[in-house]
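First up is the structure itself, then whatever we jot down about it.
The values are calculated or read from the model by the stated rules, or taken from the named source; none is laboratory data. Owing to the predicted nature of the structure, the values given are computational and were not obtained by experimental measurement. Please note: Cβ atoms are built from the backbone with ideal geometry, for glycine as well, and neighbour counts cover all protein chains shown. Keep in mind that these areas ignore ligands, DNA and RNA; they rest on the heavy atoms of the full protein, side chains included. Shrake-Rupley method; radii C 1.70, N 1.55, O 1.52, S 1.80 Å.
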Amino acid sequence: MKHLLIALSLLLSTAAAAQTRYAIPVKIWAYGVQNAPSYDDIKNTLQNLNRLNAQTETGFSYYLVDLEFVRKKKFDNMGFGIQMPWQSITRHEKHLLNIALVGGLHKSGDKQKGQGRTGVCFSPTGSVTVTKGEDMSVVTHEVGHFLGLKHQFDLQDNIMSYNPDKSKRRVFTPEQKKQMLDEAAKMKNSKLWQLPDGEPVADEQEPDSQYELATPIRSGKTQQHTFHRIVNNDGETSYDSEDWLRFSFSKKTTLDNPKITVESAQTVKIELLNSNRNSIASNDKDNALSLNGVAPGSYFIKITNLQKSTAAYSITLRLNND
């Protein structure tokens, strides 16, 4: 009976802790020249982190607030022994989770650079370094260290395990989720990162705050987006100001009342830009923009938040009867 009460108490405390949500701001440092991460690598890294946290219901989400390229050839494959720790110290912003994205990590003396570690969390600063293009569990594993988790050697399906088949590392235990929440609550940025009830998190298309990270959208498909709260490296709070999307169509596409429609409780600005990012058209009052007369080609859509607040919205692109 005593053991049953202890187990029930742990279950209830874990459930209560899971109600707390944290949206953690991220700065990504992209290192290298020839072997540098691409914008797709950057977008996929953060999306993988959010996807696995959502699947395991940790209560954590992550959004990009800053991106900086360190374009130096000596960082095409970063040295694990000296370069990585030094960069973690010298390139480190306050109030954020710092993630260094590199072409590869190697130990001093390795004959073949870039064939060593896939990721590491440097405990003195809490900075995370991961190699581009890795399985989604790698960045989530290293961020788990940032949130106080240790390696698991007896749970092969656990995200914190050393299972060489990374595709099978897909689970956090209830105890691990509680530990991460408890660790976040003790951090000096806890109040900055904690989300009030009902406040939207960054959506699954993030990061999409600049044209290089624009999300593809297909005709006939509806995407869900949010304008979420942002904390910058000075600890100041603001709100997501714009989202970027992209689409293209050819001469073979039969247009039938083509338009972009946004469903939202607030008015937004919808802007159509060509591949050179020159503005072609924007909406007037309604949350819709007609595409009649638009020639075949590649385009960007920029959705601008006109109010200093959070909001959820859906956007639909229609080129024909899809």
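Of the residues 135, 203, 165, only one is acidic (Asp, Glu) and surrounded by 21 or more Cβ atoms within 10 Å (Cβ to Cβ); which?
Values: 135 fails: surrounded by 21 or more Cβ atoms within 10 Å (Cβ to Cβ); 165 fails: surrounded by 21 or more Cβ atoms within 10 Å (Cβ to Cβ).
Residue meeting the stated conditions: 203.
Please work out which one of (1) aliphatic (A, V, I, L, M); (2) within 30 Å of residue 199 (Cα to Cα); (3) in a strand (DSSP E or B) is the condition residue 139 fails and give its number.
In the conditions (1) aliphatic (A, V, I, L, M); (2) within 30 Å of residue 199 (Cα to Cα); (3) in a strand (DSSP E or B), residue 139 misses (3) alone.
Taking the residues in the stretch 150-159 that are touching a Lys or Arg at 6+ places or on another chain (Cβ under 7 Å) and in a loop (DSSP other than H, G, I, E, B) as candidates, determine which candidate is least open to solvent (accessible area, probe 1.4 Å).
Filtering the stretch 150-159 down to residues touching a Lys or Arg at 6+ places or on another chain (Cβ under 7 Å) leaves 156-159.
This time we only want the ones that are in a loop (DSSP other than H, G, I, E, B), so: 156-157, 159.
Numbers: 156: 93, 157: 79, 159: 0 Å².
This residue is 159.
Just checking, which of 213, 147 is buried (at least 21 other Cβ atoms within 10 Å of the Cβ) and touching a residue at least 12 places away in the same chain (Cβ under 8 Å)?
Values: 213 fails: buried (at least 21 other Cβ atoms within 10 Å of the Cβ).
Among 213, 147, only 147 is buried (at least 21 other Cβ atoms within 10 Å of the Cβ) and touching a residue at least 12 places away in the same chain (Cβ under 8 Å).
Just to check your reading of the model, which residue among 255, 319, 245, 291 is free of Cβ contacts under 8 Å to residues at least 40 places away in the same chain and farther than 30 Å from residue 191 by Cα? It would help to see each step written out before you state the result.
On the way: 255 fails: free of Cβ contacts under 8 Å to residues at least 40 places away in the same chain; 319 fails: free of Cβ contacts under 8 Å to residues at least 40 places away in the same chain; 245 fails: free of Cβ contacts under 8 Å to residues at least 40 places away in the same chain.
The conditions single out 291.
If we scan the stretch 270-281, do we find a residue that is in contact with a Ser or Thr (Cβ under 6 Å, 6 or more places away or on another chain) and assigned to a loop (DSSP other than H, G, I, E, B)? Quick ask: steps written out before the conclusion?
We begin by selecting, within the stretch 270-281, every residue in contact with a Ser or Thr (Cβ under 6 Å, 6 or more places away or on another chain); these are 271, 273, 275.
Those still in the list that are assigned to a loop (DSSP other than H, G, I, E, B) too: 275.
There is at least one residue in the stretch 270-281 that is in contact with a Ser or Thr (Cβ under 6 Å, 6 or more places away or on another chain) and assigned to a loop (DSSP other than H, G, I, E, B).
Here is a yes/no grid of residues against (1) of a type outside the set (A, V, I, L, M); (2) touching a strand residue (DSSP E or B) at 6+ places or on another chain (Cβ under 7 Å):
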site	(1), (2)
52	no, no
59	yes, yes
65	no, yes
69	yes, yes
74	yes, no
77	yes, yes
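Which one is nearest to the chain's Cα centre (by Cα), of the residues in the stretch 70-101 that are closer than 26 Å to residue 187 by Cβ and in a helix (DSSP H, G or I)?
88
In the stretch 18-37, what residues are of a type outside the set (A, V, I, L, M) and closer than 15 Å to residue 132 by Cα? Outline the logic, then answer.
Of the residues in the stretch 18-37, the ones of a type outside the set (A, V, I, L, M) are 19-22, 25, 27, 29, 31-32, 34-35, 37.
Across the stretch 18-37, the qualifying residues are 29, 31, 32, 34, 35, 37.
Select, from 260, 315, 303, the only residue that is at negative phi, more than 23 Å from the chain's Cα centre (by Cα) and open to solvent by less than 20 Å² (accessible area, probe 1.4 Å).
Numbers: 315 fails: more than 23 Å from the chain's Cα centre (by Cα); 303 fails: more than 23 Å from the chain's Cα centre (by Cα).
On inspection, the qualifying residue turns out to be 260.
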